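To start, the structure under review is shown below, and the notes come after it.
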Amino acid sequence: MKESLAEQQKCDSDIGPIVRLGLESDVRPELYDLLAASENAKRLYNEWERLQVRDGLVYRWRNGKPGEQPLLQLLVPRSYVQEFLCSCHGGHTGGNFGIKRTLDQVRRRFYWSSWKSDTVRFCKRRDLCSEYRRGKLGRQAPLQPVLAGAQRWYVDLTGPHRKSEHGHIYILTCLDSFMKWAEAFPIRNKEAETVARVLVGRSSVGSEPPSRY
């Protein structure tokens, strides 16, 4: 992979001209040599003293946050951006971080001209982030003890779930507070009439089977 990455560094439109000149000589080239290069390449030229070659790859030194050591960032060619973003966000070192922590992972290790906007866009588009990241939880009331004695039913409704072969997408659960007996009923919708029909039916003799709801 290192050989392929080195070749891609040389071929990249933004970092390629700087990489090739850096591999040829440690002496800062004349700006004239970059007249045909991109604007990003010219901006990188202004940081020539921060560039360093290690094992055929070109890196960039960046000052860390207060109290941090300077960071050595690999110059990433455009063809490798998605791969390195995946490694920072969801690989062994990332663990599906949110935007802020993924940005910090990228900043510590890699550099390309649009790294910040690309990282934010990548995190927002990731299906795993949209599906599983819940954000900050709302405030909850303190738990209250339940005193046994009078019969109470605790009712809860979950869903929508994947539709069953009978068309059910919700689950109605009922718990007897005294006996701790629990039952669950599949239902096709969560309308009040449907829920009431299940509760009344289960408390009556000869109730309808749950599959009807």
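Figures for the structure shown
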| item | result |
| --- | --- |
| Efficiency of FRET between residue 200 and residue 63 - r from beta-carbon atoms, R0 45 angstrom, step 0.05 | 0.05 |
| Given charges at Cβ of Lys, Arg, Asp, Glu: region 2-132 dipole, positive-most of 71, 89, 15 | 89 |
| Check: region 2-132 dipole with +1 on Lys, Arg Cβ and -1 on Asp, Glu Cβ, in debye | 600 |
| Neighbour-count order for 168, 89, 161, fewest beta carbons within 10 angstrom listed first | 161, 168, 89 |
| Ascending count of other beta-carbon atoms within 10 Å, so fewest first, for 21, 35, 44 | 35, 21, 44 |
| Added length on full extension, which subtracts the Cα-Cα distance from 0.36 nm per residue, residue 162 to residue 99 | 19.7 nm |
| Cross-link table 10/116; 124/190; 42/124; 10/124; 100/163, entries beyond 28 Å C-alpha to C-alpha | 124/190; 42/124; 10/124; 100/163 |
| Förster radius 30 Å - calculated FRET efficiency between residue 7 and residue 28 (Cβ-Cβ, nearest 0.05) | 0.80 |
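Read-outs throughout are calculated quantities, based only on the coordinates presented, and are distinct from any laboratory measurement. Predicted model only: the values in this text are computed from it and were never measured. All Cβ positions, even for glycine, are placed from backbone atoms using ideal geometry, and neighbour counts span all protein chains on display.
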